[in-house]
Amino acid sequence: MKFQLEILQIERTCLFKLIWGKGQQMSAMVAYPDAISQLYQVWHKAYLGFYKTALRARVRKPKNEGKISLPQDRHRQLVQAEANFLEEFYRWLRQEALYEIRAKIAGEGSKSKILTSLFLTCQGELERLPWESWELGAEFGGKVAIARSPNNITNSQARNSHKPHKPRILAILGDDTGLDLVGDRTTIDTLKQVADIEFVTWQINQPAAQIKQQIKQALIDDRGWDVLFFAGHSNETNITGGELAIAPNIALSVSEIASDLKTAQSNGLQFALFNSCSGLSIANSLIDLGLSQVAVMREPIHNQVAQVFLLKFLQALADYQDVRHALTQAEEHLKQQNLTYPSAYLIPSLFCHPDAQLYRIQPWGWQQQLKKWLPSRYEAIAASALCLLSIMPPVQNFLLDKRTLVQSVYRDVTGQLPTNKPPITLVHIDEQSLTKAGIDRPVPMDRRYLASLIDPLVAADVEIIGIDYLFDRPQTANDETLAKSIRDAVAQKQTWFIFGAYKQTNGVEVGVAQETQIGDPNWTLQGYTDSLPSYMSLLPESSSCNSACPFAYLLTTVEQIRTQPNAPQPNIDNQFNLRSSVYNYINDSPDYEFIQDTKLSRLTTITQYLGQQWLRPIQDFSLAPDLIYDRLPAWQLLAKEQTKITGKIALIGSGGISRSGTNSRLG
């Protein structure tokens, strides 16, 4: 599904107009808060203050910069400015007036289970906002990919060539004053296996007219180009469509090579990447000229960040991913490196003609010959039917149910049931608890209510508290209360807290958001709780468990080591990541070999990437729940009469809430 979203700012009001299908459209008017403009300026100043050298642009210092004493910790200043700016930006986009537009865009993707394309058009101040970070799909369970489309497109787009051929890339390396473009050249050279590459670079003492003519002649080469790449300094201009610094003190404006670019388009040019600074006007100009796709950096970009971005982008391109997917992968990599390159993931943008087919390098040569050996349509249908029949979930589930039933009967007949009292108290926030607490909307869960449950558990000397709710978004009014309860429990009784999280497709956990201040990784833990139906998510893929760790596995590990001498303990003054400390302790101790060995086998880990689940351990439902834990409704925990709590472990989670279900973790 494809949507076009036009955002027009009229003074301090914004008109959102959504267009799709055969002329269908809807619109909404919302006020544009001054806070976004102010916070953007604060972030922009902090961004330039952090990346103050080796920028791929000539950045002028603010007039009053010499009068202001900037903090020494520029990294912390930028991170805080980014958090404040994005929080206000997202709050604006989450307004009720935009609900129908959000629901239409993301809802279509969740229904059809396919990626929804959103082409966003805006101008002026709005154009500088990081629209690509708008997580539209998260609210409705769909997937939305955002690309930009200029206001003005006066020329038709270039036609894409569908004939398989080895792609040709023209790489222009411009002014490298204060930069190191050797890395760019080395990275581009990695594409030589899948593309022909030609470089155009300036020479010392080369006249300006000569280097300009060299570039113009390269653009109009009769053999044509598929991709145009530029690295160096660049800047925005109001009239000439942006300018490129092609050599020291020599600039080339887009308007000077407009006719040459149109010739290149007619010869097959489909995509351009400008790994330089401030490329908004460049992208708008090239799309207006008819080029179908252009990737640029909207803000000044540090030389090292530009090289990291280029490496990940070209790796995805070499894997035959389209340019939008390649850009997303590069952004995600920068986001993972946010400690090193804060805010860098907010800078890249992809501009597209709305009717363009996303460019990707097409397999050619022996790959095309291989297609001749692939099965015919009917052969493929027959082979697929046999494969599907062998892995049909209903068949697997039917057999799995019968296996569990037999195992349950066997346990009961032979008396193989545990006799020990359950060491875990499961605090259920059920319908009755919500009614007594006056909570009519359990999603997201009121964090003050969660704090009220933690306090009596801590008073009852519960040593480990697991919370199966997700704190990936702040609740401004309630976070402080919950954070105080957790901090006091850790400070006074060294209580272990384990928070629920979910694991993204790239293996990275998303759990407690930093801005909530609910938990610090130096004195709290988090583990992912999502799993496939009927299969265990209790075992990690490796013994280190540092990058991602199952919730239940963390709970068991902490229960095993908490009373041991010299074992890590939660402490407000900890300076190192608590989860890393726990598993470093385990890996260094021979007494915990069973924990090191309790993980998915290498074969299981490999086959799960192929979508094969036969070799995964299954969940055993042959034991009744009351043999595993004591169930305690939350309202009873909060009742005036003292409730006895079993064991030293407590779990807080939803208990049969019909209005929230498994999504109750989204708190």
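The values are calculated or read from the model by the stated rules, or taken from the named source; none is laboratory data. The structure displayed is predicted, hence computed values, not measured ones. A quick note on method: Cβ atoms are made from the backbone with ideal geometry, for glycine too, and the neighbour counts reach across all protein chains shown. Note: accessible area is taken over every heavy atom of the protein model, side chains too, but ligands, DNA and RNA are not part of it. Shrake-Rupley method; radii C 1.70, N 1.55, O 1.52, S 1.80 Å.
Rounded to the nearest 20 debye, the dipole magnitude of the range 136-267 is 540 debye, with +1 charges on Lys and Arg beta carbons, -1 on Asp and Glu beta carbons, and the Cα centre as origin.
Note down the accessible area of TRP635, probe 1.4 Å, to the nearest 10 Å². Looks like 70 Å² after rounding.
For the range 114-214, the relative contact order works out to 25 percent when only alpha carbon pairs closer than 8 Å and six or more residues apart are counted.
Where Lys and Arg each count +1 and Asp and Glu each count -1, what net charge lies around TYR51 among other residues with Cβ under 12 Å from its Cβ?
Value of the local net charge: +3.
Extension gain for ARG403-ASN420 works out to 3.6 nm (0.36 nm per residue, less the C-alpha to C-alpha distance). Taking all protein chains together and a 1.4 Å probe, the residues TYR320, TYR528 rank TYR320, TYR528 from largest to smallest accessible area. In the structure shown, do any of LYS113/LYS166; LYS52/LYS212; LYS166/LYS212; LYS143/LYS335 have a Cα-Cα gap over 23 Å, and if so which? Too far apart for the 23 Å limit: LYS113/LYS166; LYS52/LYS212; LYS166/LYS212. Karplus-based coupling profile of the range 2-13, in residue order and whole Hz: 10, 10, 10, 10, 9, 10, 10, 9, 10, 6, 9, 10, with θ = phi - 60° in 6.51 cos²θ - 1.76 cosθ + 1.60 and x standing for Gly or Pro.
Cross-link partners of LYS402 among aspartates and glutamates, defined as those whose alpha carbon lies under 13 angstrom from its own and excluding same-chain residues fewer than eight positions apart: ASP620. Computed from backbone phi, the HN-Hα couplings of the range 264-274 come to 4, 5, 5, 8, x, 5, 10, 9, 10, 10, 10 Hz, rounded to whole numbers (Karplus: 6.51 cos²θ - 1.76 cosθ + 1.60, θ = phi - 60°; Gly and Pro given as x). Note that the range 312-366 presents 42 Å² accessible area per residue, ligands and nucleic acids not counted, probe 1.4 Å.
Determine which aspartates and glutamates satisfy two conditions relative to LYS17: a Cα distance under 19 Å, and not lying fewer than 8 residues away in the same chain. Once the sequence-local aspartates and glutamates are set aside, what remains near LYS17 is GLU6, GLU96, GLU100, GLU108, GLU125, GLU127, GLU132, GLU135, ASP355. Using a probe radius of 1.4 angstrom, the carbon and sulfur fraction of the accessible surface of the range 193-349 is 47%. Ligands, DNA and RNA are left out, and with a 1.4 angstrom probe the accessible area of the range 118-214 is 50 Å² per residue. A simple count of charges around GLN38, restricted to other residues whose Cβ falls under 15 Å of its Cβ and scoring Lys, Arg +1 and Asp, Glu -1, yields -1. Taking each of LYS192/LYS312; LYS104/LYS436; LYS2/LYS503 in turn, the alpha-carbon distance tops 24 angstrom for LYS104/LYS436; LYS2/LYS503.
Summarising the amide proton neighbourhood of ILE250: residues at separation of 5 or more, or on other chains, whose placed amide H is nearer than 5 Å comprise an empty set.
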